[in-house]
Structures are given as structure tokens and as C-alpha cells.
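The values are calculated or read from the model by the stated rules, or taken from the named source; none is laboratory data. Because the structure is predicted, anything quoted here is derived from the model rather than measured. Please note: Cβ atoms are built from the backbone with ideal geometry, for glycine as well, and neighbour counts cover all protein chains shown.
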Amino acid sequence: MHTSHVLTNTASHATDIHGAGHSDPQTSHGGAGKPRADLPGPPAPALAYGMSYAHLLFDVADRVATVTVNRPDKLNALNDAVIGELDRAADEVRARADVAGVIVTGAGTKAFVAGADIAEMRTQGPFEAKARALRGQAAFRKFETCPKPIVAAVNGFALGGGCELAMACHLRIASDAAKFGQPEVKLGITPGFGGTQRLPRLVGKGRALELILTGRMVGAAEALQIGLVNRVVPAADLMAEAGKLLRGIIAMGPLAVALSLEAVDRGLEMSLEEGLQLEANHFGLAAASTDMREGMTAFLEKRDARFSGS
Ligand code: COA
């Protein structure tokens, strides 16, 4: 199954070139996996599928949504409109029953995302800037807390908001040409879409402060060495490798994946005792699932599991 709405302009121009027509969230299961209304987290918002995006490409194939930031002439810089669309895309991937996992990438060969849009920020005042940071943080947090696995395929510059977007994804695969950095101090601003918080959580305080205070860019090899990315692959293989990684994850029990994502995300903000309690609760919850019986039965019967997400 393949659906696509590579769109331009406004909602009235929504195009589903394969005619999948996602107008009814309740019936749009696409035959590609069961509905997953019982996943942890808040209920999926009622959305009209096939939403249009002016600055994103949003394609669905074989239960994987590929969300591509599409402003290559500006190295995919995140203006307010893109942030708004990323926020909506996060809602859409969460709500769609035909989406089991997500790849986030950037259009063109040069950049993943070269940061927040400097032209737009140049005249911002303090209240406007704070509101902009909060909007970006909220959109990225939707990716981070999505119960479906999200892989960033970093194809080039991931600077400022680009590095922050990649860090809000669950896993990061980088092309060998990718470059990462938080260069905000060079512009007289601080990171505003989560960089000061997620970078130290990923690479440690000392390394994070070095990158944030100097604005130094690091190449893919160094990003791998410090733990900023999970894997580095040749540029030509990036999307295939991201797809392979993601498909491996969505073949697992989807409830177990969602519970694991939530346990790690929430547990990092807790004491060890509280985190262990959360883990035990999730372990117990997983034992209520059909997926657990199927997974263990399949192992003992020496066959592949057929998970239903229930
Ligand atoms: N915001 C707005 N526009 C941006 C941008 C950003 N963050 N990053 C790149 N662009 C635009 C450039 O202004 C240029 O537009 P133009 O052709 O209309 O002049 C276009 O994208 C191409 O960028 P350019 O700088 O010419 O490419 P380059 O190969 O010489 O340099 C970079 C690439 C990534 C090193 C450079 O673009 C850069 O430093 N970008 C800003 C990175 C940054 O500070 N990000 C954090 C923002 S908070």
C-alpha cells in the first residue's frame, strides 16, 4: 500500500495521488495493520487525513510515513509555517492507523534542516521570541512522545533547530556527509527548540556545553563517537538504512515498543526508584496484551510472531 500527499499550497489543494482518501479516521486503516486506539497516551485527535502541507512532503508507504522538510532553497530552515506543519504532521502520524513508524528527513542533498529561519527571527521581540520557542518545543515534544517509533534520517546540515529536531526523534541515522551543531550563540541567541536540554541528555553536560558555547560543527563520525547519532551510513544508503532500521522496529510488538518509548522518556525525569516502579507497571501492562502471548508462543513454536497491537 502506498499513499501520498505531496502537496503544495493550501488545504483546498490537498492531493492524494493514489486516491486513498483519508477523510474518515475511523475507517482509514488501509488494510495495513490493525487500528491502535489502545496505545498509551492521550486519545488521538480527530483529524481529517490527507491534510495539506505547503512546506512538508508527507508520504506513506508500507506503514512508514516519511516526513520531509521541503524548503531546499533555504536549506530547509524552520520558519513559523514549517513549525506549524510539523506540529500537525506529528498529530497525523499519531492518529493514522495505517502509519506504524516515521522517518523525518530534509529535502535535497545538502541539508537536513539548517536551523530556525534567521530571516524571520531577525526582528523578533522578547515575547514573540519566547512564544516562538514554546511553539517549536511543543511541536518537537509531539515527535518525542509519539508512541510510534521515529527515526531521523540526517542527510546534511543539522544545525540549531535541525539538530534539535533530530534530537527529538527517537533514533538518528546520519549520512557520512551530515554535520551537526548548535551555532545559536554566533547569532546572539540561545538554542530555543530544546537544544540546551536534549543535547546534554544525549551526549553529557561537558560535550553539550562545548558544542553550545563554541557553536562548533561536528561531522558524522564525531557525532557517532559522542552518542549524538546511532549510526552513520554512506549518503546513498541513508533512506534505505533508515527504512530498514524502522521496519525492524515496527515488526516488533507495537504496544511493547510504545510502552518502552514512554518508560524511557518519562523515566529519565524520575528518580531511579520511581522509574523502576514505572517500568514494573509497564511490564505488568504488557502482560495484559495479546501481543505478549503471541510473542512468547511464537518463540516457543519457533516461528515469527504475528503481532496485532492489542
Ligand atoms: N535561516 C534562514 N535562511 C537560511 C538558513 C537559516 N537558518 N540557513 C541557510 N539559509 C539560506 C541562506 O540564507 C541562503 O539563502 P539565499 O540563497 O536566499 O541567500 C540559502 O539558505 C543557502 O544557504 P548558504 O548560506 O548560501 O549556503 P552555504 O553552503 O554557503 O552555507 C550553512 C551553509 C549551513 C553553513 C549556512 O547556510 C549557515 O550557516 N546557515 C545558518 C546556520 C545557523 O546558524 N543555524 C541556526 C539558526 S538558529
### Task
Determine whether residue 133 is modelled with pLDDT of 95 or more, within 19 Å of residue 167 (Cβ to Cβ) and crowded, with 20+ Cβ neighbours inside 10 Å.
no
Per the filter on segment 145-159, residues touching a strand residue (DSSP E or B) at 6+ places or on another chain (Cβ under 6 Å) and not β-branched (Val, Ile, Thr) are 148, 149, 152, 153, 155, 156, 157, 158, 159
Here the qualifying pairs (Cβ atoms under 7 Å; residues six or more apart or on different chains; first in segment 182-194 and polar (S, T, N, Q); second modelled with pLDDT of 95 or more and more than 6 Å from the ligand (Cβ to nearest atom)) come out as 182/163; 182/191; 182/195; 182/199; 182/211; 182/212; 182/215; 190/196
Of 194, 188, 160, the only residue that is buried (at least 24 other Cβ atoms within 10 Å of the Cβ) and on the phi > 0 side of the Ramachandran plot is 160
When (1) part of a strand (DSSP E or B); (2) within 10 Å of the ligand (Cβ to nearest atom) are applied to residue 120, the one that fails is (1)
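May I ask you to say which residue of 178, 236 is small (Gly, Ala, Ser), within 17 Å of residue 109 (Cα to Cα) and touching a strand residue (DSSP E or B) at 6+ places or on another chain (Cβ under 7 Å)?
Result: 178 is the single residue among 178, 236 that is small (Gly, Ala, Ser), within 17 Å of residue 109 (Cα to Cα) and touching a strand residue (DSSP E or B) at 6+ places or on another chain (Cβ under 7 Å).
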Counting only helices (runs of 4 or more DSSP H) entirely within segment 132-222, those with at least 2 residues that are within 10 Å of the ligand (Cβ to nearest atom) are 161-168
Review point. Quick check: anything in segment 205-218 under 17 Å from the mean Cα position of the chain (by Cα) and without any contact (Cβ under 8 Å) to a residue 60 or more places away in the chain?
Key: no
Those residues of segment 59-84 which are more than 16 Å from the ligand (Cβ to nearest atom) and either part of a loop (DSSP other than H, G, I, E, B) or more than 13 Å from the chain's Cα centre (by Cα) (or both) amount to 59, 60, 61, 62, 63, 84
(1) more than 16 Å from the ligand (Cβ to nearest atom); (2) touching a Ser or Thr at 6+ places or on another chain (Cβ under 8 Å) all hold for residue 227 apart from (2)
